[in-house]
Structures are given as structure tokens and as C-alpha cells.
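What follows is a set of notes on a single structure, which appears directly below.
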Amino acid sequence: MAKRNATAAIIGAGDYIGAEIAKKFAAEGFTIFAGRRNGDKLAPLVDEVQAAGGKIFARSLDARKEEEITAFLNDADKEAPLEVCIFNVGANVNFPILDTTERVFRKVWEMACYSGFLAGREAARLMLPRGQGNIFFTGATASLRGGRGYAAFASAKFGLRAVAQAMARELGPKNIHVAHLIIDSGVNTEWVRQRRLEALGPDALNDPDALMPPASVANAYWSLYAQPRSAWTFEMEIRPFKETW
């Protein structure tokens, strides 16, 4: 693969979407900085990327901590100029409103909104002096509408969308592409498959068009990165064939 003198930082490099994003950008020659809670869980991803000839650094990261986000992105930028920052922290919980405690609401907001603000601001701080960069945020159906039991999650995702939109308007004229990717679907992860199995029975897992493959999310992010600035997208919605909307 052709190596680039550039880093892609993935904040929220989980086992599915985050891992696929890392593998896609590594395959395109980026140095990868992958961060998540319990960074030891990144070992299989590191092995896979390195076996394919890619370069990756794995870090334990609490995205709610300003000093950790700053250090993580600074380290990424020192390795090679930070060209892409993807915020992919999830906080999907469902509680009836009377069961949504103050702690749950605050924690979900910190994870899905506040930490996105920190990541976007610190990435912009590094990119602005060079006059280029890409800052992308993972959104969800809850970014657009609040469903039953999703008061905490939807309010945080609404907020993240607003942060991204404000940043796009401010930073776009300075040659920094800010985009918000809405995944309007369940993603094909072990947790989602188990929920579908419990709710709908074994046949729910037989339809390949019903859930979003994590690799498709990674490809969507790559398409956003590859856009010329004459046709930048701020918001992209993706959903599998069988998903209604």
C-alpha cells in the first residue's frame, strides 16, 4: 500500500464500526491512532492492521476527559500530521423517562455530545494552522428524532449534530471539512443481533439487507474524505435496503 504522511484518529474505536474505519483508512495508507475505553481490547485490531501492512497506535482513552483527548490528538499529530479525526463514541441506552436517572442522562450526554465537542475542538486546533483537515462525527436515527425511551440518547445526539453543524459553518471556509454521518439503522453487531433474536426470533438474523454492515459505515466515511471541496457533504444518511424511513 502507498503510505501517506498523515494520521487518522478514531475516537471510539470499538469492535465493529470503529475497527472497520481503522482498517479502511489504514489500507489507504494512513497511520492510525485508535482510542477507546479499555485500550487492551484493541489488540486484535492492532494485529489485523499490522498483518495487512498498516501502521496503528492503540490507546486507552476516556473521551470525556479533556486532558486525555488533548494528549491523544497531540500524540497522533506528532506521529504524522492529523488529517482525519472521526468521533465514533456510542452511548445508546433505552430507559422509560421515569427510569432515566440524573446519572444516566448526564453520562450519556458526556459520552455522546460533550466528548464530541472536545474531540472536534482539539482536532480543529491542530488542523487550522495547516489550513486543511477533516472532522467527522457518527450520528444515529436519534440525531433526528426522539424515540420512546431515548430521551437521554436522543438529546445527546441532537446536541452532537448541532455541534457538528456549527463547526461546519465556521471551519468550512477555512478548508476543514466537517461532516455528520447518520446511521439510520441497526448495525450488525453482536449486541444488535442478540436484541433482534430476542424480539423477532431466529429468522430475524437471516436477512442480509436488514442491518448495516460495519464495513459499509467505514466506506461511507471514506467517501466523505474523498470528496472534493467543490462538493463537500455536511450530512449523509445511510441505511440498509430493508430499513424504512
Legend entry - Residue match in region 95-105 (condition: under 16 Å from the mean Cα position of the chain (by Cα), of a type in the set (Ser, Thr, Tyr) and open to solvent by 40 Å² or more (accessible area, probe 1.4 Å)): no
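Quick grid of which residues meet (1) in contact with a Pro (Cβ under 9 Å, 6 or more places away or on another chain); (2) in contact (Cβ under 8 Å) with a residue 60 or more places away in the chain; (3) crowded, with 17+ Cβ neighbours inside 10 Å; (4) not hydrophobic (A, V, I, L, M, F, W, C):
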position	(1), (2), (3), (4)
Gly54	no, no, yes, yes
Ala58	no, no, yes, no
Arg64	no, no, no, yes
Glu68	no, no, yes, yes
Leu73	no, yes, yes, no
Ala76	no, yes, yes, no
Ala80	no, yes, yes, no
Cys85	no, yes, yes, no
Gly90	no, yes, yes, yes
Legend entry - Which numbered condition Leu126 misses (of (1) open to solvent by less than 10 Å² (accessible area, probe 1.4 Å); (2) free of Cβ contacts under 8 Å to residues at least 60 places away in the same chain; (3) under 30 Å from Ile32 (Cβ atoms); (4) assigned to a helix (DSSP H, G or I)): (1)
Inset, instruction - Please identify the pairs in which a residue from region 146-174 that is open to solvent by less than 40 Å² (accessible area, probe 1.4 Å) has its Cβ atom under 9 Å from the Cβ atom of a residue that is of a type in the set (Asp, Glu), counting only partners at least 6 apart or on another chain. - result: Gly149/Asp99; Ala156/Glu110; Ala164/Glu235; Ala168/Glu235
Inset, instruction - Go through the residues of region 220-237 one by one and say whether even a single one is at pLDDT 95 or above, in contact with a helix residue (DSSP H, G or I) (Cβ under 7 Å, 6 or more places away or on another chain), crowded, with 20+ Cβ neighbours inside 10 Å and within 27 Å of Leu82 (Cα to Cα). - result: yes
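State the number of residues belonging to region 196-219 that are exposed (fewer than 13 other Cβ atoms within 10 Å of the Cβ) and not aliphatic (A, V, I, L, M).
Going residue by residue through region 196-219, those that are exposed (fewer than 13 other Cβ atoms within 10 Å of the Cβ) are 198-203, 206-209.
Subsequent filtering for residues that are not aliphatic (A, V, I, L, M) retains 198, 201-203, 206-209.
Looking only at that region, the number is 8.
For region 25-45, state whether one or more residues are in contact with a Pro (Cβ under 9 Å, 6 or more places away or on another chain), in contact (Cβ under 8 Å) with a residue 40 or more places away in the chain, surrounded by 21 or more Cβ atoms within 10 Å (Cβ to Cβ) and of a type in the set (S, T, N, Q).
No.
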Inset, instruction - Could you please find all residues in region 109-123 being under 16 Å from Leu73 (Cα atoms) and open to solvent by 10 Å² or more (accessible area, probe 1.4 Å)? - result: Phe117, Arg121, Glu122
Legend entry - Filter pass, Ala152 being within 27 Å of Arg239 (Cβ to Cβ) and not in a helix (DSSP H, G or I): no
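The values are calculated or read from the model by the stated rules, or taken from the named source; none is laboratory data. All values reported here derive from a predicted model rather than from experimental measurement. Cβ: placed from backbone, ideal geometry, glycine included. Neighbour counts: every protein chain shown. Just so you know, the surface numbers come from the protein's heavy atoms only, side chains and all, with ligands and any DNA or RNA stripped out. Shrake-Rupley method; radii C 1.70, N 1.55, O 1.52, S 1.80 Å.
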